[in-house]
Structure formats: C-alpha cells, structure tokens
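Here, each number is a calculation from the coordinates, and none is a lab measurement. What you are looking at is a predicted structure, and each value in this text was computed from that prediction instead of being measured. We place every Cβ from the backbone using ideal geometry, glycine too, and count neighbours over all the protein chains shown.
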Amino acid sequence: MKTKFLLVLVLPLLLSATVHKYYLSVTDVNYNEEAAAVQVITRLFYDDLEDVLQERYRADIKVDATADQELLDTYLSKYLSQKLVITVNGDDIPLNFLGKKYEDDFVVCFLEATDIESIKNFSVENTLLMDLFPDQKNMIHTTINGKKKSFLLIDGNTKGLLNFSE
C-alpha cells in the first residue's frame with residue numbers, strides 16, 4: 001500500500017519535472033570606447049535555437065558541429081538581426097554577425113556594431129525565441145560608459161532602456 005501511495009504521489013512530480021523546461025537566453029552587451037564598438041555575446045540553448053530556425057526558415061536545418069556551418073551562419077545572422085535590436089542615441093545600429101561557437105548546451109553567438117563614438121542613450125529589444133516559446137526569458141547584462149545594468153526581458157516587456165545624458 002505504501003508503495004502505491006508513493007508512486008501516486010511521487011510519479012506525477014517526477015514527470016512534471018521532466019516535462020517542464022526553462023527557456024532562458026543570456027546576452028552580454030559591452031561598449032568598448034577604445035574600439036568605438038558595441039560588442040554583443042548571446043548564449044542560446046542549441047535545441048531551442050534549432051527549433052526556432054526550423055520553424056521560421058527550414059525544417060531540415062541542424063544546429064550542431066555537423067551542420068553546414070556557412071548555411072547555419074546565414075540563418076543565424078538573419079534571425080539575430082530581426083530579434084535583437086539595439087538603438088544608440090535614437091538610431092538602430094546594424095549588428096554584424098561575427099561567428100559562433102558551441103559550448104556545452106549553448107550556441108554562443110558573437111556580434112558587433114562599429115563606429116559608435118559615444119552613447120548618450122541606449123536601448124535593447126530582445127525577442128529571441130519568444131515567437132516559439134512564450135515562456136522565454138532573455139537576460140541582458142550591459143556594461144556601458146563604465147556602468148553595469150541588467151534586464152530580464154519577457155513576453156510583453158521586451159525592451160530595456162538606459163540614459164546617460166548629463
């Protein structure tokens with residue numbers, strides 16, 4: 001009887017733990033004054049990224065080291081430019097996709113915007129993976145003009161703003 005009771009009580013908890021998945025990306029945005037560049041590193045779970053790229057672009061695309069990396073980079077660049085928008089001093093800045101690396105369960109993507117002489121105000125809109133996963137959360141860490149700030153962006157609140165005007 002005890003065994004049946006434990007199975008009835010514990011089994012649903014174990015199943016719910018394996019069914020539920022936490023959706024999170026982490027993006028670091030740094031302003032390098034010396035290089036006059038905004039440098040971006042974003043980490044996405046490779047399986048979530050693969051799901052969204054398959055949904056949006058091609059059902060057969062793979063996100064791993066065995067995939068056609070040039071083709072994958074094309075889709076990554078396109079997707080990131082649509083879903084990660086940075087505005088500096090009122091203007092959207094184009095982010096150049098520099099490349100990626102695979103790290104544990106993540107794809108780490110590197111982007112950069114150059115010719116940014118100063119930042120008086122800054123905003124970042126991050127809707128990565130939100131079109132496929134409504135529970136997606138996107139953490140943004142910024143270091144701009146020597147100041148650190150973090151945002152947790154969720155569906156319905158996808159934009160973080162900073163003002164550096166005197």
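Each other residue within a Cβ distance under 11 Å of TYR23 adds +1 if Lys or Arg and -1 if Asp or Glu, for a net charge of -3. Dipole check for the chain: with +1 at the C-beta of Lys and Arg, -1 at the C-beta of Asp and Glu, and the Cα centre as origin, the magnitude is about 860 Debye.
Under 16 Å of direct C-alpha separation, and excluding same-chain neighbours fewer than eight residues apart, LYS148 reaches these lysines: LYS120.
Available extension along the chain between GLU117 and GLU55 is 18.5 nm, counting 0.36 nm per residue and deducting the alpha carbon span. Listed values for segment 127-143 are Karplus-derived 3J(HN,Hα) couplings in whole Hz (6.51 cos²θ - 1.76 cosθ + 1.60, θ = phi - 60°), namely 10, 3, 6, 5, 5, 10, 10, x, 8, 4, 10, 10, 8, 10, 10, 10, 10, and x replaces Gly and Pro. Can you give me the angle between helix 69-83 and the longest principal axis of the chain, using Cα atoms only, in degrees from 0 to 90, rounded to the nearest 10? Result, in degrees: 80.
Starting from the Cα gyration tensor of segment 42-142, take the square roots of the eigenvalues, sort them a ≥ b ≥ c, and report rounded, prolate or oblate (rounded when a/c is under 1.5, otherwise prolate if a/b is larger than b/c, else oblate). Verdict is prolate for segment 42-142. Close amide H contacts of ASN145 (hydrogens built in the peptide plane, cut-off under 5 Å, sequence separation of 5 or more or a different chain): TYR31. Based on Cα contacts under 8 Å between residues 6+ apart, the chain shows a relative contact order of 26 percent.
In deg cm²/dmol, rounded to 500, what helix-only [θ] at 222 nm does the chain give when every DSSP H run of at least 4 residues adds -39500 (n - 2.57) and the total is split over its residues? That comes out to -8500 deg cm²/dmol. Each residue of segment 86-95 is assigned a 3J(HN,Hα), and the resulting list reads 10, 10, 10, 6, x, 10, 5, 9, x, 9 Hz, derived from the Karplus form 6.51 cos²θ - 1.76 cosθ + 1.60 (θ = phi - 60°), x at Gly and Pro. Karplus-based coupling profile of segment 26-31, in residue order and whole Hz: 10, 10, 9, 10, 10, 9, with θ = phi - 60° in 6.51 cos²θ - 1.76 cosθ + 1.60 and x standing for Gly or Pro.
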